[in-house]
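Below you'll find the structure, written out as structure tokens, and then a few comments.
The values are calculated or read from the model by the stated rules, or taken from the named source; none is laboratory data. Being a predicted model, the structure only gives us computed values, none of them experimental. Cβ sites come from the backbone with ideal geometry, for glycine too, and all protein chains shown count toward neighbours. Note: accessible area is taken over every heavy atom of the protein model, side chains too, but ligands, DNA and RNA are not part of it. Shrake-Rupley method; radii C 1.70, N 1.55, O 1.52, S 1.80 Å.
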Amino acid sequence: MEQRHLGRTGLRVSRIGLGTLTWGRDTDEHDAADQMKAFWEAGGTLIDTADVYGGGEAEYLLGQLVERLVPRRDLIIATKAGSVPDPYRRFDGSRGHLLAALDASLERLGTDYVDLWQIHAFDTGTPLEETLHALDIAVTSGRARYAGVSNFCGWQLAKAATWQLASPGIRTRLASSQMEYSLLQRGVEREVLPAAIDLGVGLLPSSPLGRGVLTGKYRYTTPPDSRGASELLAPFVEPYLDEAASRIVDAVATAAEGLATTPLEVALAWVRDRPGVVAPIIGARNAQQLTAALSVESLSLPDEICQALDDVSAPVHRYPDQDWSTL
């Protein structure tokens, strides 16, 4: 699998990442092991998790599999901190919480360091410089090799990345920003992606298959074994089952038919090769699904197909997102 630099850093990662959102909850140890082995054998290196996935079980399961199946040196392990199970405070970006969460993640993962440590979301209740100071401490102490953010909007990302570049002292450059990005969700193109490209921050798209909808599995019915049929994840899928999404899915299916490939590969190749994108994060239910996604490595979409998909999924950009002189 092709390797790409993560933002403006020397770290190289596989251009497809493996997500572990369902590990320890819907994905058991056997399926997780099969996925990790298939991913590694395909040349994948980037595995993404978070301290809240499965209530910590995803990190624990990943830690149990590392070394037993795959050498630690062959993996780029990324995790996140900042989300909290508190109905009154969804995110905690305080230095104390973040560093304690990192130590807990390292213990569950069974490793002395993570390759990429990410702030899970922006915390409006904590000064940004305090949150960023936790990243600096994590890197200078050796507990994290690189740092990034997740779910930061355009101005939040720009402020954080600029602070790290401009403030005096030893600061840690932001390597990445993880955001939802697919043919069904192109909102990051308004401000987040331009800011990331300008500041040398690599984009790691989550849900690159539109929460599974872009595979075409929901075109006619909801499969009983799908996320859309799950009580827990059905509300996650439902927003992408409207008429507008249906038109985009139909276009993807038409492109796939013309290229003699699958809608999954078409949708994944489109987002993988967008400007500023480093590695879409794929969350599969089993190794068979993951292997189908990894087969995208040999596919490059023709320019005319990319343009057609761009047109059918184009988001509305108005002032001030669009150049005012064209309005």
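Would you check which residues across segment 100-115 are of a type in the set (A, V, I, L, M) and either surrounded by fewer than 18 Cβ atoms within 10 Å (Cβ to Cβ) or at pLDDT below 95 (or both) and list them? Before you say what the answer is, go through the steps one by one.
First pass over segment 100-115, keeping only residues of a type in the set (A, V, I, L, M): 100-102, 104, 106, 109, 114.
Those that are of a type in the set (A, V, I, L, M) and either surrounded by fewer than 18 Cβ atoms within 10 Å (Cβ to Cβ) or at pLDDT below 95 (or both): Ala100, Ala104.
Here is the figure for segment 198-217: residues that are open to solvent by 30 Å² or more (accessible area, probe 1.4 Å), of a type outside the set (Asp, Glu) and more than 24 Å from Ala81 (Cα to Cα) total 2.
Among the conditions (1) more than 19 Å from the chain's Cα centre (by Cα); (2) open to solvent by 60 Å² or more (accessible area, probe 1.4 Å); (3) touching a residue at least 12 places away in the same chain (Cβ under 8 Å), the only one that Arg285 does not satisfy is (1). Say whether the condition of being crowded, with 23+ Cβ neighbours inside 10 Å and not hydrophobic (A, V, I, L, M, F, W, C) is met by at least one residue in segment 242-261. Within segment 242-261, not a single residue is crowded, with 23+ Cβ neighbours inside 10 Å and not hydrophobic (A, V, I, L, M, F, W, C).
Take the conditions touching a Ser or Thr at 6+ places or on another chain (Cβ under 6 Å), in contact (Cβ under 8 Å) with a residue 24 or more places away in the chain and open to solvent by less than 40 Å² (accessible area, probe 1.4 Å) and apply them to Gln156. Does it pass?
No.
Test Gly56 against the stated conditions and say whether it is out of contact with any Asp or Glu (no Cβ under 8 Å at 6 or more places or on another chain), in contact (Cβ under 8 Å) with a residue 24 or more places away in the chain and at positive phi. Talk me through it step by step, then tell me what you get.
On the way: out of contact with any Asp or Glu (no Cβ under 8 Å at 6 or more places or on another chain): yes; in contact (Cβ under 8 Å) with a residue 24 or more places away in the chain: yes; at positive phi: yes.
Here the answer is yes, as Gly56 does meet what is asked.
Could you please give the count of residues in segment 67-83 that are farther than 19 Å from Ala147 by Cβ and buried (at least 19 other Cβ atoms within 10 Å of the Cβ)?
Looking only at segment 67-83, we keep the residues that are farther than 19 Å from Ala147 by Cβ, and these are 67-74.
After this cut, where a residue has to be buried (at least 19 other Cβ atoms within 10 Å of the Cβ) as well, the list is 70.
Residues in segment 67-83 being farther than 19 Å from Ala147 by Cβ and buried (at least 19 other Cβ atoms within 10 Å of the Cβ): 1 in total.
Filtering segment 6-23 to residues that are closer than 18 Å to Lys80 by Cβ and buried (at least 23 other Cβ atoms within 10 Å of the Cβ) leaves Leu6, Gly7, Val13, Gly17, Leu18, Gly19, Thr20, Trp23.
Find the helices (runs of 4 or more DSSP H) located wholly in segment 234-276 whose residues include 3 or more that are over 21 Å from the mean Cα position of the chain (by Cα) and in contact (Cβ under 8 Å) with a residue 24 or more places away in the chain, and list them. Give the steps one after another, and end with the answer.
Values: elements: 234-237, 243-259, 263-272.
So the answer is 243-259.
In this structure, is Glu180 at pLDDT 90 or above, surrounded by fewer than 20 Cβ atoms within 10 Å (Cβ to Cβ), over 23 Å from the mean Cα position of the chain (by Cα) and not hydrophobic (A, V, I, L, M, F, W, C)? Talk me through it step by step, then tell me what you get.
Working: at pLDDT 90 or above: yes; surrounded by fewer than 20 Cβ atoms within 10 Å (Cβ to Cβ): yes; over 23 Å from the mean Cα position of the chain (by Cα): no; not hydrophobic (A, V, I, L, M, F, W, C): yes.
Here the answer is no, as Glu180 does not meet what is asked.
Within segment 32-56, if we keep just the residues that are over 12 Å from Gly283 (Cα atoms) and among the acidic types (Asp, Glu), the residue that is least open to solvent (accessible area, probe 1.4 Å) turns out to be Asp51.
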